[in-house]
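Below is one structure, written out as structure tokens; the observations come after it.
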Amino acid sequence: SVAAPERPSAPALFDRATEARRRGRSGEARVLYRSLQQSHPESEEARLSLAVLARMHLDSGDARAALEGFDAYLATGDRALREDALVGRALCHERLGRTSDAARAWRALLTAYPGSAYARTARERLGGGLP
């Protein structure tokens, strides 16, 4: 009998995906992050990959998919990339033309992280005509 090949660990998949992303191979990175999420859904790496993949979607212009990813990450309760995910949500709402949702998202960021590096941007967005 032939032994089934061992599935890669969550850290190994995350590292492979991150390396692919760094090398500009975004398609490969997306496949690896999704594989990680499917094969190790409860792992820390899978949680982090939700936010990383969401950022990749945002950077490639798919704000709707990005918003779903940021929401999924925030729903896990993980805090490692929470600040970045809150910023990502606000940017997604802006790009989708959802002004009041964007304002709420910027306010949520300011409430959670008043000293954030993004606080100035949030205040500018809120003072710049956002309700």
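The values are calculated or read from the model by the stated rules, or taken from the named source; none is laboratory data. Only a predicted model underlies this, so the values are computations on that prediction, with no experimental measurement involved. Heads up, the Cβs are rebuilt from the backbone with ideal geometry, glycines too, and the neighbour counts pull from every protein chain shown. For accessibility, only protein heavy atoms count, side chains too; no ligands or nucleic acids. Shrake-Rupley method; radii C 1.70, N 1.55, O 1.52, S 1.80 Å.
Brief remarks follow.
- Once C-alpha pairs closer than 8 Å and six or more residues apart are averaged by separation and normalised to the residue number of the stretch 21-98, the relative contact order reads 24 percent.
- Unit charges at the beta carbon, dipole of the chain: most positive-side option, Tyr113, Ser100, Leu32: Ser100
- Using only the C-alpha atoms, the convex hull of the stretch 1-53 corresponds to 78 Å³ per residue.
- Vicinal HN-Hα couplings computed from phi for the stretch 37-54 (Karplus, 6.51 cos²θ - 1.76 cosθ + 1.60; Hz; Gly/Pro x): 4, 7, 8, 9, x, 8, 7, 4, 4, 5, 4, 4, 5, 4, 6, 5, 5, 4
- Heavy-atom surface of the chain, accessible at 1.4 Å and reported per residue (Å²): 57
- Measure of compaction for the chain (Cα Rg per 2.2 N^0.38 Å): 1.19
- For the chain, the relative contact order comes to 14 percent (Cα pairs under 8 Å, sequence separation of at least 6).
- Mean sequence separation of contacting Cα pairs (under 8 Å, at least six apart), scaled by the length of the stretch 79-118, corresponds to a relative contact order of 40 percent.
- Gyration tensor verdict on the stretch 80-127 (Cα atoms; rounded if a/c is under 1.5, prolate if a/b is larger than b/c, oblate otherwise): oblate
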